[in-house]
Amino acid sequence: MAWPVAAFAEDSTRIYRIFWLSTQSQPDPFLDGFREGLRARGYVEGKNLVLELHYAIGNPQALREVATELRRGKVDLAVSSGPATRAMTEVAEVPVLFALSGDPVELGLVQSLGQPGGNFTGSTFLSLELAGKRVELLKEVFPNLRKLAVLSNANHPGEQSEWRATTEAARKLGIVPLYVPFAGANELDSALGLAGDAQADALLVFPDVLTMVHRAKIAEFAIAHRLPSMFGWGEYCDAGGLLSYGANQRATYFSLATYADRILRGEKPANLPVVQPTKFELVVNLRTAELLGIDLDKSSVLFRANRVIE
């Protein structure tokens, strides 16, 4: 989907203004990926691009003032990362690109993935097929798995669909799934306590911004309770998780720059289908496996891993 740099812009003197909104903290690997994608398409900050960064760590509501500024200012495009998109739902004056782990249809951003129909489009990491695959991989690594604690942010769009897919996959493998929901960061500790009391054999964590922000705490909890853990993205394994399976987020943000380029050239978000990643990576943390006493040397999971943390 890459565009030749030579075909960058009809008006080479124009300076484009993009707002970046995020509830993450800096350094921001997602922003880095997006910037790389923009540079690959001929956009250079300080020359033909102004990229304004707006951060509100863990607090999407704080970005609503920025959304108001979008209506007043001369902005060509807004890019919202993760739950920052919630602050943008009432913005109709400018095109908005999003990348989120939930369901943009349920969130009311688009009419459908194939035909967004408004001023929003982008990428969703949500894939119900992945939910089942994560259960299968965890079972492969831990054949004695019988009881699986599933930690989930109940406010995450599409969460119930992911839970149903996980439940179906678990039961086919003779696994009893134990639903451990929480609603907001203030409930995470109590949810972890419930997971610890459940006498589960392993822990599966749905990917979303809250579990991402607290990934180190969750990974440490799993190790302390000797629970093999499965997550959605490689960043969780970097923080100590045992396994992850899902899209490479940095690569997704790199690709998101393609849509940014097309919109800046005049295409409408309404006609650009929401993208779902088609390439996924399996990440294994051998240090965590050693701490848990799990021998992966002969496991096919280890041989199939795209990245191994040693």
With x for Gly and Pro, the residue-by-residue ³J(HN,Hα) of segment 211-216, computed from phi through the Karplus equation 6.51 cos²θ - 1.76 cosθ + 1.60 at θ = phi - 60° and given in whole Hz, is 5, 5, 4, 9, 4, 5
Distance in Å, no decimals, from the C-alpha centre of segment 120-136 to the one of segment 198-276 is 10
Packing-ranked peptide list from 198-205, 40-47, highest mean Cβ count within 10 angstrom first, is 198-205, 40-47
Karplus-derived 3J(HN,Hα) from phi for segment 131-148 (6.51 cos²θ - 1.76 cosθ + 1.60, θ = phi - 60°), whole Hz, x at Gly and Pro, runs 4, x, 5, 5, 5, 4, 5, 5, 5, 5, 6, 10, x, 7, 4, 10, 10, 10
Mean separation of Cα contacts under 8 Å (at least 6 apart) over the residue count of the chain, i.e. the relative contact order in percent, is 19
Full extension between Glu65 and Ala251 adds, at 0.36 nm per residue less the Cα distance, a length in nm of 64.0 nm
Note, segment 44-54: 3J(HN,Hα) by Karplus (6.51, -1.76, 1.60, θ = phi - 60°), whole Hz, Gly/Pro = x, goes 10, 4, x, 10, 10, 8, 10, 10, 8, 9, 10
Note on segment 159-209: the mean projected area of its alpha-carbon convex hull, in nm², is 3.8
Most packed first (mean Cβ within 10 Å per residue), the peptides 208-219, 229-240, 178-189, 296-307 order as 229-240, 208-219, 178-189, 296-307
Treating every alpha carbon of the chain as one equal point scatterer without solvent, the Debye formula yields log10 I(q)/I(0) values at q = 0.07, 0.12 Å⁻¹ of -0.29, -0.80
Excluding ligands, DNA and RNA, the carbon-plus-sulfur percentage of the accessible area of the chain with a 1.4 Å probe reads 50
Residues meeting the amide H criterion for Phe98 (H placed from the backbone, H to H distance under 5 Å, 5 or more places apart or on another chain) are Ser80, Thr121, Gly122, Ser123
Set Lys147/Lys172; Lys217/Lys298; Lys133/Lys268; Lys147/Lys279; Lys133/Lys279, cut-off 24 Å on Cα-Cα distance; pairs above it are Lys217/Lys298; Lys133/Lys268; Lys147/Lys279
Rounded to the nearest 500, the 222 nm mean residue ellipticity computed for the chain from DSSP H runs (n ≥ 4, each -39500 (n - 2.57)) alone is -10000 deg cm²/dmol
Square roots of five times the C-alpha gyration tensor eigenvalues of segment 206-310, ordered largest first and given in whole Å, equal 34, 15, 9
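The values are calculated or read from the model by the stated rules, or taken from the named source; none is laboratory data. The shown structure was predicted, so the numbers you read here are calculated from the model rather than taken from an experiment. Positions of Cβ are generated from backbone atoms using ideal geometry, with glycine treated the same way; all protein chains shown enter the neighbour counts. These area figures cover heavy atoms from the full protein model, side chains too; ligands, DNA and RNA do not enter into them. Shrake-Rupley method; radii C 1.70, N 1.55, O 1.52, S 1.80 Å.
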